[in-house]
1. Return the total of residues in region A:137-181 being more than 15 Å from A:F217 (Cα to Cα), away from chain B (no Cβ under 14 Å), part of a loop (DSSP other than H, G, I, E, B) and among the hydrophobic types (A, V, I, L, M, F, W, C).
2. Before we move on, is B:I230 of a type in the set (A, V, I, L, M), closer than 12 Å to B:L120 by Cβ and modelled with pLDDT under 95?
3. Tell me, please, whether a residue that is out of contact with any helix residue (DSSP H, G or I) (no Cβ under 7 Å at 6 or more places or on another chain) and farther than 30 Å from B:E60 by Cα can be found in region A:222-244.
4. Find all pairs meeting these conditions: Cβ atoms under 6 angstrom apart; at least six residues apart or on different chains; first residue within region A:15-33 and within 12 Å of another protein chain (Cβ to nearest Cβ) and within 23 Å of B:V24 (Cα to Cα); second residue hydroxyl-bearing (S, T, Y) and crowded, with 17+ Cβ neighbours inside 10 Å.
5. Please enumerate the residues belonging to region B:215-227 that are assigned to a loop (DSSP other than H, G, I, E, B) and modelled with pLDDT of 95 or more.
6. Looking at region A:182-199, which of its residues are part of a strand (DSSP E or B) and in contact with a helix residue (DSSP H, G or I) (Cβ under 9 Å, 6 or more places away or on another chain)?
7. Tally time: how many residues in region B:6-65 are β-branched (V, I, T) and in contact with a Lys or Arg (Cβ under 6 Å, 6 or more places away or on another chain)?
8. For the condition in contact with a Pro (Cβ under 7 Å, 6 or more places away or on another chain), farther than 15 Å from B:A129 by Cβ and of a type in the set (A, V, I, L, M), what is the one hit in B:L171, B:L209, B:L204?
There are 2 protein chains.
Amino acid sequence: MKKLFVVGIGPGDENKMTGEAKEVLARCQVIAGYQVYVDLIKDRFPQKEYIVTGMRQERERCLLALRSADAGKHTAVVCSGDAGVYGMAGILLEMGIQFPEVEIQIVAGVSAVLSGSALLGAAVGHDFAVISLSDLLTPWETIEKRLLGAAMADFVICLYNPASRKRKDYLMRACDLILRYQKPETVCGYVRNIGREGEECHVLSLKELRDFQADMFTTVFVGNSMTRRIGDKMVTPRGYELGEKK
Amino acid sequence: MKKLFVVGIGPGDENKMTGEAKEVLARCQVIAGYQVYVDLIKDRFPQKEYIVTGMRQERERCLLALRSADAGKHTAVVCSGDAGVYGMAGILLEMGIQFPEVEIQIVAGVSAVLSGSALLGAAVGHDFAVISLSDLLTPWETIEKRLLGAAMADFVICLYNPASRKRKDYLMRACDLILRYQKPETVCGYVRNIGREGEECHVLSLKELRDFQADMFTTVFVGNSMTRRIGDKMVTPRGYELGEKK
């Protein structure tokens, strides 16, 4: 059976990878990925054939990986975080139609919404929405609609891709939209370089977050109306009764 | 240093646990958890002291775990899926105020939204919202508001706790709310017993999902307007241009 694995490798630190992800990478012959993610794993899995392409060359990378699998080599495509969440699983399943002999298997990983939440304490302890602020593949109007819908419905909101060199003010614009429904004092947090060198996390108010300059290594969390600060942690209760019961 | 770990053990299958989670459980002396989750790991980590309590005895279990850590025993509280998402991280951080010498560390795990999405293909390939239909700790009006907000904003929606013995028609009610904004043909999916015996997954339409009788082992996914069925998989594209580019 010709096999292609799409593997979420978690935030970067090897021990935040699942056992299944490690096994798949250890077994396969070819590993394909974006340069930065391949660098995270290359040392641990030497003697593999690597397919490395740059950012925005996803389709090319996927095609090379599918061809590799179709040629009979066990192949894995690695994604940071999860394989599905803004990852390669969807595009590979779509392109895989052209390679009917290749069975595609998705291996889930710990996405930044979960690893970041854990660093901050319990940022996503209740219902939450995950939104990417990148408008490369999504019209800004759609992103805006989602920010407003999530804020209106009092979701904890996790923002991926809050900024890039070309999108310096997107986080500010997102906060301004959320501020239509949530208070300036709403407890928020951000994490940088999860599971890598330079890991940091901070808890701050929505008003402060608005003026924070995020970068592409940042993941942002906006609490719901119940989220509170406990020491240096951001904690969203599991329900609306917590703290009242004893 | 007195330590309490809150550990997400993933969906159940040992190899879907992170390396970090395994290490923590191997090292600690005491493991606390809900009976069902403790049963999932007890064989692999014998010779531990176990604190087991039933459902809805969370506060008691947390107190026992905090006291155990405060007594100098390295203690872990296990949660299925992630430690934060509807898990114990928040309540322990909250109750931990009473135990200032105990340092609480959260270990993220693969929550059902990610493991279920992978089984279905790429159910959450783009922005998504996670909503629990349990109204034990959340007023139904809040749940309703979130369902409507998420559907209106065209999120992929993942539903936890879609039904229990007392809440047989909640999934139908949720689908009826989502149907105000999404078409009856919207691609949906459900998974049961992820990573355990009896694992299954199915792709169906929102109209069909409305009449499906979920149980407490089911996790449900409602696609966004771009989600499509590819073979027996549920795939949400990463953006709004996929399939048009070559």
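1. Start the filter on region A:137-181 by keeping residues that are more than 15 Å from A:F217 (Cα to Cα), which leaves A:137-157, A:169, A:172-181.
From what is left, the residues that are away from chain B (no Cβ under 14 Å) are A:169, A:172-173, A:175-176, A:179.
Those left that are additionally part of a loop (DSSP other than H, G, I, E, B): A:169, A:179.
From what's left, among the hydrophobic types (A, V, I, L, M, F, W, C): A:179.
Result for region A:137-181: 1.
2. Values: of a type in the set (A, V, I, L, M): yes; closer than 12 Å to B:L120 by Cβ: yes; modelled with pLDDT under 95: no.
So B:I230 fails the test.
3. Checking region A:222-244: not a single residue is out of contact with any helix residue (DSSP H, G or I) (no Cβ under 7 Å at 6 or more places or on another chain) and farther than 30 Å from B:E60 by Cα.
4. A:K16/B:T18; A:T18/B:T18
5. Of the residues in region B:215-227, the ones assigned to a loop (DSSP other than H, G, I, E, B) are B:215-217, B:223-227.
Listed by number, the residues that qualify are B:G223, B:N224, B:S225, B:M226, B:T227.
6. From region A:182-199, those part of a strand (DSSP E or B) are A:187-192; that's our starting set.
A:V187, A:C188, A:G189, A:Y190, A:V191 - these are the residues of region A:182-199 that are part of a strand (DSSP E or B) and in contact with a helix residue (DSSP H, G or I) (Cβ under 9 Å, 6 or more places away or on another chain).
7. Quick first cut of region B:6-65, residues β-branched (V, I, T) only: B:6-7, B:9, B:18, B:24, B:30-31, B:36, B:38, B:41, B:51-53.
Next, from what is left, pick out any that are in contact with a Lys or Arg (Cβ under 6 Å, 6 or more places away or on another chain): B:18, B:30-31, B:53.
Selection size over region B:6-65: 4.
8. Values: B:L209 fails: in contact with a Pro (Cβ under 7 Å, 6 or more places away or on another chain); B:L204 fails: in contact with a Pro (Cβ under 7 Å, 6 or more places away or on another chain).
Of the residues listed, the single one that is in contact with a Pro (Cβ under 7 Å, 6 or more places away or on another chain), farther than 15 Å from B:A129 by Cβ and of a type in the set (A, V, I, L, M) is B:L171.
The values are calculated or read from the model by the stated rules, or taken from the named source; none is laboratory data. Quick caveat, the model's predicted, so the values are computed rather than measured. Positions of Cβ are generated from backbone atoms using ideal geometry, with glycine treated the same way; all protein chains shown enter the neighbour counts.
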